[in-house]
Amino acid sequence: MYEDDVVADNGEKTAFRRAEKKYKLYYDHNSQKKKRPRPVDLSSVIDFKSILDSFNQTGETPPRVYALGRDFDRPVFCLEDSPGFYFIPGALSVEEQCHWIRESLRSFPQPPNRTNHNAFYGPVHDLFTASKERKVLVEDLGSPGELDYPSTEGAQRWKFLDETVAPFKGSPRKTILASMLLRKLRWTTLGLQFDWSKRNYNVYLPHSKIPDALIQLAKKMAAPAMPTAEEFKPEAAIVNYFGLGDTLGGHLDDMEADWNKPIVSISLGCKAIFLLGGKSRQDEPVGMFLRSGDIVLMAGEARECFHGVPRIFTDKLHAEIAPLEMHLSSEDNGCFLEYIRTSRININIRQVF
Ligand SMILES: O=C(O)CCC(=O)C(=O)O
(Lines give C-alpha, C1' and ligand atoms only; values in the text may rest on other atoms or scores of the structure.)
Protein backbone atom coordinates (compact mmCIF):
# COMPACT_ATOMS: atom_id res chain seq x y z
CA MET A 1 0.00 0.00 0.00
CA TYR A 2 2.79 2.35 0.83
CA GLU A 3 6.07 1.57 -0.89
CA ASP A 4 5.00 2.46 -4.43
CA ASP A 5 3.72 5.80 -3.31
CA VAL A 6 6.85 6.61 -1.42
CA VAL A 7 9.15 5.70 -4.29
CA ALA A 8 7.09 7.80 -6.70
CA ASP A 9 7.57 10.76 -4.42
CA ASN A 10 11.32 10.92 -3.91
CA GLY A 11 13.15 14.18 -3.51
CA GLU A 12 11.40 17.23 -2.16
CA LYS A 13 9.32 17.89 -5.22
CA THR A 14 5.90 17.90 -3.62
CA ALA A 15 4.29 19.84 -0.79
CA PHE A 16 3.49 16.56 0.95
CA ARG A 17 7.11 15.41 0.82
CA ARG A 18 8.35 18.74 2.11
CA ALA A 19 5.99 18.51 5.08
CA GLU A 20 7.13 14.94 5.78
CA LYS A 21 10.73 16.10 5.80
CA LYS A 22 9.89 19.04 8.03
CA TYR A 23 8.49 16.83 10.81
CA LYS A 24 10.65 13.71 10.40
CA LEU A 25 13.09 12.88 13.17
CA TYR A 26 16.62 14.03 12.36
CA TYR A 27 19.55 14.24 14.73
CA ASP A 28 22.08 17.01 15.27
CA HIS A 29 25.44 16.34 16.92
CA ASN A 30 26.78 18.73 19.52
CA SER A 31 30.44 19.52 20.14
CA GLN A 32 30.79 16.38 22.33
CA LYS A 33 29.47 14.36 19.38
CA LYS A 34 26.31 13.58 21.34
CA LYS A 35 23.27 13.27 19.13
CA ARG A 36 20.14 15.24 19.91
CA PRO A 37 16.82 15.32 18.05
CA ARG A 38 16.76 18.33 15.75
CA PRO A 39 14.23 20.86 17.07
CA VAL A 40 11.17 21.25 14.90
CA ASP A 41 8.62 24.05 14.77
CA LEU A 42 5.31 22.51 15.84
CA SER A 43 3.36 25.78 15.93
CA SER A 44 1.25 24.97 12.89
CA VAL A 45 0.32 21.45 14.01
CA ILE A 46 -3.40 21.31 14.92
CA ASP A 47 -3.91 20.23 18.51
CA PHE A 48 -7.39 18.74 18.90
CA LYS A 49 -6.85 18.14 22.61
CA SER A 50 -6.59 21.86 23.28
CA ILE A 51 -9.41 22.50 20.79
CA LEU A 52 -11.55 20.06 22.82
CA ASP A 53 -10.56 21.72 26.11
CA SER A 54 -11.56 25.17 24.93
CA PHE A 55 -14.66 23.84 23.14
CA ASN A 56 -15.78 22.26 26.42
CA GLN A 57 -15.34 25.62 28.16
CA THR A 58 -16.59 28.09 25.58
CA GLY A 59 -18.43 26.06 22.92
CA GLU A 60 -16.15 27.67 20.33
CA THR A 61 -13.69 26.27 17.82
CA PRO A 62 -10.81 27.92 15.94
CA PRO A 63 -11.29 29.15 12.35
CA ARG A 64 -11.79 26.36 9.78
CA VAL A 65 -12.54 23.77 12.47
CA TYR A 66 -16.12 22.95 13.44
CA ALA A 67 -17.79 20.57 15.85
CA LEU A 68 -20.30 18.13 14.46
CA GLY A 69 -23.82 18.95 15.57
CA ARG A 70 -25.02 15.39 15.27
CA ASP A 71 -26.18 13.11 17.98
CA PHE A 72 -22.97 11.48 19.19
CA ASP A 73 -21.91 10.99 22.77
CA ARG A 74 -18.79 13.17 22.54
CA PRO A 75 -17.44 16.07 20.47
CA VAL A 76 -16.35 15.23 16.94
CA PHE A 77 -14.36 17.84 15.01
CA CYS A 78 -14.17 18.40 11.27
CA LEU A 79 -12.05 20.62 9.01
CA GLU A 80 -13.85 22.96 6.63
CA ASP A 81 -11.26 22.31 3.94
CA SER A 82 -11.30 18.51 4.29
CA PRO A 83 -14.81 17.09 3.88
CA GLY A 84 -15.11 13.51 5.07
CA PHE A 85 -12.42 13.87 7.74
CA TYR A 86 -13.47 13.48 11.39
CA PHE A 87 -11.39 13.70 14.55
CA ILE A 88 -12.63 12.29 17.88
CA PRO A 89 -10.14 13.38 20.55
CA GLY A 90 -9.79 11.14 23.61
CA ALA A 91 -12.36 8.68 22.26
CA LEU A 92 -11.01 5.76 24.31
CA SER A 93 -10.62 5.57 28.09
CA VAL A 94 -7.20 4.63 29.49
CA GLU A 95 -8.54 1.15 30.30
CA GLU A 96 -9.72 0.72 26.71
CA GLN A 97 -6.37 1.91 25.39
CA CYS A 98 -4.53 -0.61 27.60
CA HIS A 99 -6.84 -3.38 26.43
CA TRP A 100 -6.15 -2.69 22.76
CA ILE A 101 -2.41 -2.32 23.37
CA ARG A 102 -2.38 -5.78 24.99
CA GLU A 103 -4.45 -7.22 22.15
CA SER A 104 -2.20 -5.60 19.54
CA LEU A 105 0.90 -7.16 21.04
CA ARG A 106 -0.33 -10.50 22.34
CA SER A 107 -3.28 -11.62 20.19
CA PHE A 108 -3.39 -9.76 16.89
CA PRO A 109 -0.02 -10.98 15.55
CA GLN A 110 -1.00 -14.62 16.15
CA PRO A 111 -1.29 -16.79 13.01
CA PRO A 112 -3.29 -17.14 10.82
CA ASN A 113 -3.11 -13.33 10.98
CA ARG A 114 -0.08 -12.31 8.97
CA THR A 115 2.66 -9.92 9.93
CA ASN A 116 5.65 -8.39 8.19
CA HIS A 117 7.68 -11.32 9.62
CA ASN A 118 5.78 -13.94 7.59
CA ALA A 119 7.75 -13.44 4.41
CA PHE A 120 11.03 -14.40 6.04
CA TYR A 121 10.19 -16.50 9.08
CA GLY A 122 6.84 -18.01 8.18
CA PRO A 123 4.08 -17.85 10.79
CA VAL A 124 5.51 -16.82 14.17
CA HIS A 125 3.49 -17.97 17.17
CA ASP A 126 3.43 -16.29 20.60
CA LEU A 127 5.91 -13.56 19.77
CA PHE A 128 5.05 -11.38 22.75
CA THR A 129 5.37 -14.27 25.24
CA ALA A 130 8.61 -15.39 23.63
CA SER A 131 9.96 -11.86 23.98
CA LYS A 132 8.88 -11.70 27.61
CA GLU A 133 10.57 -15.04 28.26
CA ARG A 134 13.73 -13.88 26.50
CA LYS A 135 13.51 -16.59 23.88
CA VAL A 136 15.49 -16.76 20.68
CA LEU A 137 14.08 -17.64 17.28
CA VAL A 138 16.39 -20.22 15.79
CA GLU A 139 16.63 -21.49 12.28
CA ASP A 140 15.60 -25.13 12.38
CA LEU A 141 17.87 -27.34 10.33
CA GLY A 142 16.28 -30.57 11.61
CA SER A 143 13.81 -32.73 9.80
CA PRO A 144 10.30 -31.29 9.29
CA GLY A 145 8.87 -33.90 11.69
CA GLU A 146 10.68 -32.28 14.60
CA LEU A 147 9.05 -28.91 14.14
CA ASP A 148 6.54 -27.41 16.53
CA TYR A 149 4.51 -26.10 13.63
CA PRO A 150 4.67 -26.28 9.84
CA SER A 151 6.10 -23.34 7.99
CA THR A 152 4.09 -22.33 4.95
CA GLU A 153 6.09 -19.29 3.95
CA GLY A 154 9.69 -18.20 4.11
CA ALA A 155 12.72 -20.06 2.92
CA GLN A 156 13.59 -21.48 6.34
CA ARG A 157 11.81 -23.04 9.27
CA TRP A 158 12.21 -21.45 12.63
CA LYS A 159 11.33 -22.09 16.26
CA PHE A 160 11.70 -20.34 19.60
CA LEU A 161 14.28 -21.76 21.99
CA ASP A 162 15.28 -20.81 25.46
CA GLU A 163 18.24 -18.46 25.39
CA THR A 164 19.90 -20.20 28.36
CA VAL A 165 19.60 -23.69 26.90
CA ALA A 166 21.17 -22.45 23.71
CA PRO A 167 21.92 -25.75 22.01
CA PHE A 168 22.35 -23.70 18.88
CA LYS A 169 25.40 -21.79 20.13
CA GLY A 170 28.41 -22.27 17.92
CA SER A 171 26.28 -23.83 15.18
CA PRO A 172 25.79 -22.20 11.78
CA ARG A 173 22.09 -21.61 12.49
CA LYS A 174 20.70 -18.15 12.12
CA THR A 175 19.17 -16.71 15.29
CA ILE A 176 17.28 -13.60 16.33
CA LEU A 177 16.12 -12.49 19.77
CA ALA A 178 12.34 -12.55 20.17
CA SER A 179 12.55 -9.09 21.73
CA MET A 180 14.24 -7.86 18.56
CA LEU A 181 11.50 -9.42 16.42
CA LEU A 182 8.86 -7.72 18.53
CA ARG A 183 10.65 -4.42 18.01
CA LYS A 184 10.73 -5.06 14.28
CA LEU A 185 7.03 -5.90 14.12
CA ARG A 186 5.72 -3.35 11.63
CA TRP A 187 2.22 -4.55 10.75
CA THR A 188 -0.28 -7.29 11.22
CA THR A 189 -3.56 -7.83 9.38
CA LEU A 190 -6.85 -8.95 10.94
CA GLY A 191 -9.94 -10.29 9.25
CA LEU A 192 -9.62 -10.33 5.45
CA GLN A 193 -5.91 -10.33 4.81
CA PHE A 194 -4.32 -7.53 2.83
CA ASP A 195 -1.72 -8.83 0.40
CA TRP A 196 0.94 -6.12 0.23
CA SER A 197 2.68 -7.60 -2.80
CA LYS A 198 -0.53 -7.44 -4.87
CA ARG A 199 -1.85 -4.33 -3.12
CA ASN A 200 -5.21 -5.95 -2.61
CA TYR A 201 -7.27 -8.08 -0.24
CA ASN A 202 -6.79 -11.79 -0.74
CA VAL A 203 -9.99 -13.47 0.44
CA TYR A 204 -8.41 -16.90 -0.01
CA LEU A 205 -5.73 -16.38 2.64
CA PRO A 206 -6.63 -18.06 5.94
CA HIS A 207 -7.74 -15.57 8.54
CA SER A 208 -9.56 -15.34 11.83
CA LYS A 209 -12.52 -13.08 12.38
CA ILE A 210 -11.93 -9.57 13.73
CA PRO A 211 -12.67 -9.79 17.47
CA ASP A 212 -16.25 -8.91 18.24
CA ALA A 213 -15.29 -6.18 20.72
CA LEU A 214 -13.25 -4.43 18.00
CA ILE A 215 -16.13 -4.75 15.53
CA GLN A 216 -18.53 -3.20 18.04
CA LEU A 217 -16.10 -0.39 18.85
CA ALA A 218 -15.51 0.39 15.16
CA LYS A 219 -19.24 0.38 14.40
CA LYS A 220 -19.93 2.77 17.25
CA MET A 221 -17.09 5.13 16.37
CA ALA A 222 -17.87 5.07 12.63
CA ALA A 223 -21.34 6.53 13.28
CA PRO A 224 -20.51 10.24 12.78
CA ALA A 225 -19.15 9.49 9.28
CA MET A 226 -21.79 7.02 8.16
CA PRO A 227 -24.32 7.73 5.43
CA THR A 228 -27.81 7.78 6.97
CA ALA A 229 -29.45 4.39 7.49
CA GLU A 230 -26.39 2.45 6.37
CA GLU A 231 -24.43 0.00 8.44
CA PHE A 232 -20.64 -0.14 8.80
CA LYS A 233 -19.41 -3.71 8.41
CA PRO A 234 -15.81 -4.12 9.59
CA GLU A 235 -14.17 -6.81 7.47
CA ALA A 236 -10.46 -6.09 7.72
CA ALA A 237 -8.05 -4.24 9.95
CA ILE A 238 -4.42 -3.29 9.61
CA VAL A 239 -2.42 -2.79 12.76
CA ASN A 240 0.64 -0.57 12.29
CA TYR A 241 3.47 -0.60 14.84
CA PHE A 242 5.82 2.40 15.03
CA GLY A 243 9.10 2.62 16.90
CA LEU A 244 11.46 5.55 17.27
CA GLY A 245 12.16 7.08 13.87
CA ASP A 246 9.51 4.98 12.06
CA THR A 247 7.26 6.79 9.63
CA LEU A 248 4.37 5.95 7.35
CA GLY A 249 4.86 7.60 3.98
CA GLY A 250 2.10 9.55 2.26
CA HIS A 251 -0.39 7.19 0.64
CA LEU A 252 -4.03 6.57 -0.25
CA ASP A 253 -6.18 3.72 1.04
CA ASP A 254 -8.09 2.96 -2.09
CA MET A 255 -8.54 -0.80 -2.23
CA GLU A 256 -11.95 -0.86 -0.57
CA ALA A 257 -15.10 -0.89 -2.72
CA ASP A 258 -17.20 1.80 -1.07
CA TRP A 259 -15.33 4.98 -0.16
CA ASN A 260 -18.41 6.40 1.52
CA LYS A 261 -17.70 3.98 4.35
CA PRO A 262 -15.09 5.35 6.74
CA ILE A 263 -11.75 3.94 7.76
CA VAL A 264 -11.82 3.95 11.55
CA SER A 265 -8.31 4.66 12.77
CA ILE A 266 -7.34 4.25 16.44
CA SER A 267 -4.16 5.68 17.96
CA LEU A 268 -2.43 4.03 20.93
CA GLY A 269 0.81 4.83 22.73
CA CYS A 270 3.23 7.63 21.92
CA LYS A 271 1.97 10.83 20.35
CA ALA A 272 2.43 11.26 16.61
CA ILE A 273 2.02 13.81 13.85
CA PHE A 274 -0.51 12.91 11.18
CA LEU A 275 -0.41 14.69 7.83
CA LEU A 276 -3.64 15.09 5.89
CA GLY A 277 -3.10 16.32 2.36
CA GLY A 278 -5.33 16.73 -0.66
CA LYS A 279 -5.99 14.66 -3.75
CA SER A 280 -2.61 15.60 -5.17
CA ARG A 281 0.72 15.40 -3.42
CA GLN A 282 1.17 18.98 -4.53
CA ASP A 283 -1.56 20.08 -2.10
CA GLU A 284 -0.22 21.50 1.15
CA PRO A 285 -1.04 19.01 3.93
CA VAL A 286 -2.19 19.99 7.42
CA GLY A 287 -0.42 18.45 10.37
CA MET A 288 -2.20 17.38 13.54
CA PHE A 289 -1.22 15.58 16.72
CA LEU A 290 -2.54 12.07 17.31
CA ARG A 291 -2.53 11.00 20.94
CA SER A 292 -3.25 7.69 22.57
CA GLY A 293 -7.03 7.20 22.56
CA ASP A 294 -7.76 9.53 19.62
CA ILE A 295 -9.82 8.21 16.73
CA VAL A 296 -9.82 9.50 13.16
CA LEU A 297 -12.43 8.71 10.51
CA MET A 298 -11.79 9.13 6.81
CA ALA A 299 -14.77 8.79 4.49
CA GLY A 300 -16.05 10.17 1.19
CA GLU A 301 -13.72 12.79 -0.27
CA ALA A 302 -11.18 12.28 2.50
CA ARG A 303 -10.65 8.74 1.16
CA GLU A 304 -9.04 10.33 -1.88
CA CYS A 305 -6.60 12.39 0.16
CA PHE A 306 -2.96 11.57 0.75
CA HIS A 307 -2.09 11.02 4.37
CA GLY A 308 0.77 9.67 6.44
CA VAL A 309 2.64 9.73 9.74
CA PRO A 310 6.04 11.43 9.51
CA ARG A 311 6.85 11.43 13.22
CA ILE A 312 6.26 9.77 16.55
CA PHE A 313 7.50 11.28 19.80
CA THR A 314 9.09 8.92 22.30
CA ASP A 315 10.56 11.44 24.74
CA LYS A 316 8.78 11.82 28.07
CA LEU A 317 7.68 15.39 27.46
CA HIS A 318 6.06 14.85 24.06
CA ALA A 319 4.97 11.17 24.15
CA GLU A 320 2.15 11.97 26.59
CA ILE A 321 1.64 8.44 27.84
CA ALA A 322 1.71 9.07 31.62
CA PRO A 323 -1.80 7.59 32.15
CA LEU A 324 -0.80 4.44 30.28
CA GLU A 325 2.37 4.16 32.35
CA MET A 326 0.33 4.06 35.54
CA HIS A 327 -2.00 1.35 34.27
CA LEU A 328 0.54 -0.88 32.57
CA SER A 329 3.40 -0.54 35.04
CA SER A 330 3.45 -3.95 36.71
CA GLU A 331 1.62 -6.07 34.19
CA ASP A 332 3.44 -8.95 32.50
CA ASN A 333 6.76 -8.01 34.06
CA GLY A 334 6.36 -4.50 32.72
CA CYS A 335 6.71 -5.80 29.15
CA PHE A 336 3.72 -3.90 27.74
CA LEU A 337 4.97 -0.74 29.38
CA GLU A 338 8.51 -1.20 28.15
CA TYR A 339 7.20 -1.60 24.63
CA ILE A 340 4.72 1.28 24.56
CA ARG A 341 7.12 3.78 26.16
CA THR A 342 8.91 4.04 22.84
CA SER A 343 6.17 2.96 20.44
CA ARG A 344 2.91 3.84 18.84
CA ILE A 345 0.25 1.45 17.57
CA ASN A 346 -2.43 2.29 15.04
CA ILE A 347 -5.41 0.00 14.42
CA ASN A 348 -7.38 0.93 11.32
CA ILE A 349 -10.58 -0.89 10.54
CA ARG A 350 -12.19 -1.11 7.13
CA GLN A 351 -15.23 -2.35 5.31
CA VAL A 352 -13.81 -4.01 2.20
CA PHE A 353 -16.90 -4.75 0.08
O1 LIG B 1 -1.00 5.44 11.77
C2 LIG B 1 -1.95 6.15 11.43
O3 LIG B 1 -2.53 6.91 12.21
C4 LIG B 1 -2.42 6.13 10.00
C5 LIG B 1 -2.46 4.75 9.41
C6 LIG B 1 -2.79 4.73 7.96
O7 LIG B 1 -2.88 5.75 7.34
C8 LIG B 1 -2.98 3.48 7.25
O9 LIG B 1 -2.71 2.39 7.77
O10 LIG B 1 -3.41 3.53 6.08
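Tell me the accessible surface of residue 324 in square angstrom (1.4 angstrom probe, heavy atoms of protein chains only), to the nearest ten. Near enough 0 Å² of accessible area.
With a simple spin-label model that places each label point 7 Å from the Cα along the Cα-to-Cβ direction, the separation between residue 338 and residue 282 comes to 5.1 nm.
Rounded, prolate or oblate, given the Cα gyration tensor of region 169-264, with a/c below 1.5 counting as rounded? Mind showing how you got there, number by number?
On the way: a/c = 2.26, a/b = 2.14, b/c = 1.05.
Note, shape of region 169-264 comes out prolate.
Hey, what did the chain get for relative contact order, percent, Cα under 8 Å, at least 6 apart? Kindly include the intermediate steps, with their values, before the conclusion.
On the way: 716 pairs, mean separation 78.0, N = 353.
Relative CO of the chain lands at 22 percent.
Cross-link partners of residue 209 among aspartates and glutamates, defined as those whose alpha carbon lies under 15 angstrom from its own and excluding same-chain residues fewer than eight positions apart: 103, 235. Please work out whether region 302-353 counts as rounded, prolate or oblate from its C-alpha gyration tensor, where a ≥ b ≥ c are the square roots of the eigenvalues and a/c under 1.5 means rounded, while otherwise a/b larger than b/c means prolate and anything else oblate? Verdict is oblate for region 302-353.
Given just the C-alpha atoms of region 222-353, how large is their convex hull per residue in cubic angstrom? Write out the running numbers ahead of the final one.
On the way: hull volume 15.3 nm³, N = 132.
Given the Cα convex hull of region 222-353, per-residue volume reads 116 Å³.
Longer than 19 Å from Cα to Cα, which of 184/219; 135/184; 13/279; 135/174 are they? Say none if no pair is. Result: 184/219 exceed 19 Å. Go ahead and collect, in residue order, the members of region 245-278 whose backbone nitrogen is under 13 Å from a label point 7 Å along the Cα-Cβ direction of residue 186. Residues passing the 13 Å test: 246-249. Taking 0.36 nm per residue of sequence separation and removing the Cα-Cα distance, the residue 107/residue 231 pair yields an extension gain of 42.0 nm.
Using a Gaussian network model of the chain in which every pair of alpha carbons under 10 angstrom is joined by a spring, one finds that among 94, 40, 264 the greatest mean-square fluctuation is at 40. Each 10 Å bin from zero up to the one holding the largest Cα-Cα distance in the chain carries the following percent of pairs: 5, 23, 32, 25, 11, 3, 0.
Note down the net charge around residue 81, summing +1 for each Lys or Arg and -1 for each Asp or Glu among other residues with Cβ under 13 Å from its Cβ. Don't jump to the answer; show the numbers that get you there.
On the way: positive: 64, 279; negative: 80, 283, 284, 301.
Local charge sum for residue 81: -2.
Determine which aspartates and glutamates satisfy two conditions relative to residue 22: a Cα distance under 14 Å, and not lying fewer than 8 residues away in the same chain. Residue 22 reaches 12, 41, 284. Annotation for residue 43 and residue 199: the two label points, set 7 Å from Cα along the Cα-Cβ direction, are 3.9 nm apart.
By its C-alpha gyration tensor, with a ≥ b ≥ c as the square roots of the eigenvalues, how is region 240-292 shaped: rounded for a/c under 1.5, else prolate for a/b larger than b/c, else oblate? Show your work: numbers first, answer last.
Working: a/c = 1.91, a/b = 1.31, b/c = 1.45.
In terms of gyration-tensor shape, oblate.
Less than 10 Å Cβ to Cβ from residue 132, Lys/Arg counted +1 and Asp/Glu -1: what total charge do the surrounding residues give? Surrounding charge for residue 132 is -1.
The values are calculated or read from the model by the stated rules, or taken from the named source; none is laboratory data. This is a predicted model, so every value here is computed, not measured. Glycine also receives a Cβ, built like all others from the backbone with ideal geometry; neighbour counts cover every protein chain displayed. We work out accessible area using only protein heavy atoms, side chains counted, and drop any ligands, DNA or RNA first. Shrake-Rupley method; radii C 1.70, N 1.55, O 1.52, S 1.80 Å.
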